[in-house]
Structure formats: C-alpha cells, structure tokens
Amino acid sequence: MEHIRFMTLERHIIEGERQHPEATGELSALLSDLALAAKVISREVNKAGLVDILGFTGDENVHGEKVKKLDIYANDMMIKAMDHGGHLCAMASEEEEDIIHIPTQHRIGKYIILFDPLDGSSNIDANISIGTIFSIYKRLSPDGTPGTMEDCLQPGINQVAAGYVVYGSSTILVYTTGADHGVHGFTLDPSIGEFLLSHENITTPKKGKIYSINEGNYLYWHPGLKKYIKYLQEEDAATARPYSTRYIGSMVADIHRNMLYGGIFMYPADSRSPYGKLRLMYECNPMAMIIEAAGGRAIDGKKRIMEIVPTSLHQRTPIFIGSAEDVTIVEEFMRKEVNG
Ligand code: P6P
C-alpha cells in the first residue's frame, strides 16, 4: 500500500527548521500562529453567505476603498493571532495606514510581518476565491526595541519567508522559506483542523499556455504590451499559441493557478495608473519570492520585483509574474518597443 505521508504544516515547518542550523524556532512558531489565523479566516469565509458579515461596512480603508466586513475580520484575526507570540517587533497590513506595534505587555521578537489579510475582497459576495498574502523579514533595528518603518521597508530579496492562503473550493496554504527549501502547499482538512501537505516541492512550468490580465485596460497599455497580447492570440502550434486567457480578478487565485499549470499574470502600469494597482510590500514581493522559489520570474517590466528598494509601505508596482520563459518574452516585447 502506498505510504501516505500524514504531514501537517506544523511538522513540515519544524522539519524545515532543522535544515537551518541557526534556526531558533521563532520563525516556525510565527508560521504556526499564522496558520491558526488562516484556519479562523477560512471558517468565516466559508460561511460568509450564511452569517450577516457580507456587504459593505460603509467604512473606507486607508486607500479610500469601500471595505467589506470580512476584510476587517481577517485583519483583526491576523493581528490577534500574532501580536502576543513574542516573535514580532511590528506588523504592517494593507488595511492599516501605519505600522502596527506590538502591545507593550507582550515580548518583542526579531521578525516583521507584512500582510494583505483578504486580497480580492470585492469578489466575496460572488463566492469567488480570495486570499491572504504574507511576507516575513528579520528586523534591522536593535533587538528588544519597538519595530520601525525601516524594518518594514526592506527589498524583497531580504524576505526570510513568504506565503499565501487561497480560500477557494478548498483552503490551501502555500509557503516558502527560500529557493533552497522549495515551495510547499497544504490543504486544510476542516474535519481535523489541520493543514495537510498536498503539494510538495511545487515547481512552475518553464512556459505555459495561459495569460492573465484585465484586457479592459487595453487602450491604456504600453505599445509593447499591446503587441505581446496580440502575439499570444496568433496561431502557431510550435509555440502553443493562441494562449488561453484566464482572469479571476483575485491575484492569489490567478497566480496560484498559473504557478501550478504554467502561464503569466500581469498587472501592468498604464497611462492612467503609472505604477499599476498591486502593492509591492504585501502582494508583489511575497508572490515574487514564491514564484522564484518555484522556478519562475517576477519583474516590474524592467527589473526583478524583489530588487525594488521600497520608499513607502503601500507603494504600488507593475508586475509580470509566472513561467520564466513567458516573463522573458513579454520583457523583450516591452524593451524592443521602448528602444525601437
Ligand atoms: P482589476 C483585487 O481587488 C486585486 O487587488 C487583486 O487581487 C486582483 O488581481 C486585482 O485587484 C484585480 O484588479 O483592476 O483587474 O479589477
């Protein structure tokens, strides 16, 4: 009988920690606290249609966007699950203007976490997959002191861990602690409340046949991008064209699918939004760490997402992310067009 590995997320984290001789167990404990938040958020997301937490709160978040109750709930759960574990010196959230300090009664740790508690929340009422995205760094400021904005504003190459949770037909948590330790996916079994290893060592195909972009913005795109999309729509069996277009409007779900099947997700800059829409620190950097660890690429159109030196917590960046060859082709289309 095939030996089924009953590997829980907690055991996987601890076994992964053993591969890091310098590990103190703090990162493992932090990831476990995160998993608890994901379980609680998953429970609420999966019953959102039944409980009166749908609909707009009437409030607006720091970006002036209408906020759904589940956004606030997810944000509160993330903070409550991690603010007392003693592993963090501060946090930052898409839902909060400034950094979130650790309450004075709790021990201050050596990590920083930045997160989007519920990305894609405009899809909640239509029961479309949404997600949580997180990015973890080691602090730069002296141990024992409150975390600082400088601790948060580190380039993506400094991340020590990154991951996301997709609340879809099932709840899957995907994380990496770096390319040399791979990307692993865990599916929540709600009957036992455990995330079980379901996708070990995820590697993304070098080239795919799917492209994901909001074509409604076509008029405003860079000319090289227009040419690239038309190129994907031409017929050429040797290069698997025409590609299929798949766009859920939920970054985590779109990128998760493309990482497994192959393909490219794009949220470009355009003439109306010079920096695109997606946030560098808690959307693009963590997704970039994961896709690179899975063998893919993530650029802003010119350079690696993870090499962008951040200047503000909520800054946006264009992003082209997915199968390495597909990202390289669109990069070439845009370079040629600029240089003529
Ligand atoms: P558009 C969801 O609101 C989100 O932040 C991402 O999850 C998603 O990829 C993107 O915005 C969709 O934006 O402009 O295509 O609706």
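The values are calculated or read from the model by the stated rules, or taken from the named source; none is laboratory data. All values derive from a computational prediction rather than experimental measurement. With ideal geometry, Cβ positions are generated from the backbone for all residues, glycine too; neighbour counts draw on all protein chains shown. Protein only, heavy atoms only, side chains kept; ligands, DNA and RNA dropped before computing areas. Shrake-Rupley method; radii C 1.70, N 1.55, O 1.52, S 1.80 Å.
For region 244-267, give me the residue count where each residue is in a strand (DSSP E or B) and more than 17 Å from Pro318 (Cα to Cα). Show your work before the answer.
Pass one, region 244-267, residues in a strand (DSSP E or B): 244-245, 264-267.
With the extra rule that they be more than 17 Å from Pro318 (Cα to Cα), the set shrinks to 244-245.
Counting residues in region 244-267 that are in a strand (DSSP E or B) and more than 17 Å from Pro318 (Cα to Cα) gives 2.
Is it the case that region 115-128 has a residue that's open to solvent by 50 Å² or more (accessible area, probe 1.4 Å) and modelled with pLDDT of 95 or more? No - not one qualifying residue is present in region 115-128. Exactly one residue out of Ile79, Ile108 is without any contact (Cβ under 8 Å) to a residue 24 or more places away in the chain and either within 15 Å of the ligand (Cβ to nearest atom) or surrounded by 16 or more Cβ atoms within 10 Å (Cβ to Cβ) (or both), and it is Ile79.
Among the residues making up region 206-242, those that are crowded, with 17+ Cβ neighbours inside 10 Å, of a type in the set (Gly, Ala, Ser) and either over 28 Å from the mean Cα position of the chain (by Cα) or away from the ligand (no atom under 16 Å from the Cβ) (or both) are Gly208, Gly224. Consider Ile202 carefully, then state whether it is within 16 Å of the ligand (Cβ to nearest atom), in contact (Cβ under 8 Å) with a residue 24 or more places away in the chain and either of a type in the set (Asp, Glu) or open to solvent by less than 40 Å² (accessible area, probe 1.4 Å) (or both). It is false that Ile202 is within 16 Å of the ligand (Cβ to nearest atom), in contact (Cβ under 8 Å) with a residue 24 or more places away in the chain and either of a type in the set (Asp, Glu) or open to solvent by less than 40 Å² (accessible area, probe 1.4 Å) (or both).
Residues in region 318-329 that are free of Cβ contacts under 8 Å to residues at least 60 places away in the same chain and more than 14 Å from the chain's Cα centre (by Cα): how many?
Restricting attention to region 318-329, the residues satisfying the condition of being free of Cβ contacts under 8 Å to residues at least 60 places away in the same chain are 318-320, 328.
This time we only want the ones that are more than 14 Å from the chain's Cα centre (by Cα), so: 318, 328.
The number of residues fulfilling the criteria is 2.
Name the residue that is surrounded by the fewest Cβ atoms within 10 Å (Cβ to Cβ), counting only residues in region 273-312 that are assigned to a loop (DSSP other than H, G, I, E, B) and within 16 Å of the ligand (Cβ to nearest atom). This residue is Pro274. The set of residues in region 159-198 being exposed (fewer than 14 other Cβ atoms within 10 Å of the Cβ) and either in contact with a Pro (Cβ under 8 Å, 6 or more places away or on another chain) or within 26 Å of Arg304 (Cβ to Cβ) (or both) consists of Ala179, Asp180.
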